[in-house]
Structures are given as C-alpha cells and as structure tokens.
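What follows is a short report on a single structure.
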Amino acid sequence: MDFYIFLFLNLASAAIPVPRNNNAQAISTLYEFPKGAWVENIAVRSNGQLLITRTDVPELYLVDPLHPSASLVHQFTSATGLLGIAEVAHDIFAVIAGKIDLATSSAVPGSFVIWKVDMRSAKAAVSKIAEVPEALFLNGMTLFNAKTSTVLIADSKKGVIWRLDV
C-alpha cells in the first residue's frame, strides 16, 4: 500500500505545472555603450526613442530601439556627469547635472543644476531651469504633477526630497 501512495504522489507532483523563468529568452542587448560607460537613467519619448543619461561623462544620448544606434543630444560642459531625467511636458525633459566623482561615489556639494532639454525640434534646445546649491548628491527625479510641471528630486547624500516647479 505504501508503494501505491508513493507512486500516486510522484505522478501527481509530475502533473503540477512548475512556473518557468523565460527571462533569459526575453532579454537582449538593445545598444551597447563603450566599455566603462556608466549609463544612469532612461526616459522614453512618445515616439519610443530613449533618452539616456551617463554619469561617467556629462552627456545625454538618444537611442532609437528600431534602429539600434546612439547619438549625442547634448554635452553639459559645466558638469562631470548626469543623473536623473524626467519628462515634464510633451517632449520636454528635466535633467540633473553635477560634478560627480565615480571613483569615490561622491559629488561636489552645490554643483547640481537642473536643465531643460526640449526635444520638439530637430536640434534639442537646452536651457538652465535651476541651480540647487543646497544639494549634496542629487540622484533620481520623477514628474510629480503634470499640470504644474512639478518634479521631485532625491538627494541621496542629504536624505531629502526636493520639489521643483519647472
């Protein structure tokens, strides 16, 4: 009798579906930046193109998923790296730039600036929104209120959330 119970349990357990992880099949490289590049954040445009911030250099890139290539949108000369990015209006983005040292995972306090990148024309128009002299290490950013173009910005070093009306 024990043998039949054992056989029944084995057959029953074989019939129970086991979830499989198919992620390995679904993940593929869309675009590969040069070795050593520190890709930080991604914003998706309404046309499906991606805006990519890099922290190792103060450069904003455009990647087209349909034709995997990257093109430089803008280089922010007053910074050493970019961090967060958020769309604040249709095809208008806010970008965090600052003086960042990746080797020490630190930043120059008071060096952070929020920039506006307007992608509505063939050439991006870039303008300064605000300096944040009190900031120690701005990081992530998200749109909080679309009607007022208000963004929230995390300051990882200071442990605060900043609110900015763009």
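Are any of the residues in segment 95-110 under 18 Å from the mean Cα position of the chain (by Cα) and over 18 Å from residue 40 (Cβ atoms)?
Checked against the condition, which is being under 18 Å from the mean Cα position of the chain (by Cα) and over 18 Å from residue 40 (Cβ atoms), segment 95-110 yields no hits at all.
Among the candidates 87, 59, single out the residue that is under 21 Å from residue 161 (Cβ atoms) and either in contact with a Pro (Cβ under 7 Å, 6 or more places away or on another chain) or of a type in the set (Asp, Glu) (or both).
Answer to the selection: 87.
Anything in segment 106-143 that is among the polar types (S, T, N, Q), under 20 Å from residue 77 (Cα atoms) and part of a loop (DSSP other than H, G, I, E, B)? List them, or say none.
If the condition is that a residue be among the polar types (S, T, N, Q), under 20 Å from residue 77 (Cα atoms) and part of a loop (DSSP other than H, G, I, E, B), then 111 is the only one that fits.
Is there a residue being under 21 Å from residue 62 (Cα atoms) and either assigned to a strand (DSSP E or B) or open to solvent by 20 Å² or more (accessible area, probe 1.4 Å) (or both) anywhere in segment 144-166?
no
Take residue 78 and decide whether it is in contact with a Phe, Trp or Tyr (Cβ under 6 Å, 6 or more places away or on another chain), closer than 19 Å to residue 40 by Cα and of a type in the set (S, T, N, Q).
no
Would a scan of segment 108-120 turn up a residue that is touching a His at 6+ places or on another chain (Cβ under 7 Å), farther than 15 Å from residue 154 by Cα and at pLDDT 95 or above?
yes
Kindly indicate whether any position in segment 80-102 is modelled with pLDDT under 95, loosely packed, with under 12 Cβ neighbours inside 10 Å and not charged (D, E, K, R).
The answer is no; no qualifying residue exists.
Has segment 95-105 got at least one residue that is assigned to a strand (DSSP E or B) and without any contact (Cβ under 8 Å) to a residue 24 or more places away in the chain?
yes
Of the residues that make up segment 17-35, is at least one at pLDDT 90 or above and open to solvent by less than 40 Å² (accessible area, probe 1.4 Å)?
yes
Give the residues of segment 46-87 that are touching an Asp or Glu at 6+ places or on another chain (Cβ under 6 Å) and not in a strand (DSSP E or B), sorted by residue number.
Selection gives 49, 55.
The values are calculated or read from the model by the stated rules, or taken from the named source; none is laboratory data. The structure displayed is predicted, hence computed values, not measured ones. Cβ sites come from the backbone with ideal geometry, for glycine too, and all protein chains shown count toward neighbours. Accessible surface areas use protein heavy atoms only, side chains included; no ligands, DNA or RNA. Shrake-Rupley method; radii C 1.70, N 1.55, O 1.52, S 1.80 Å.
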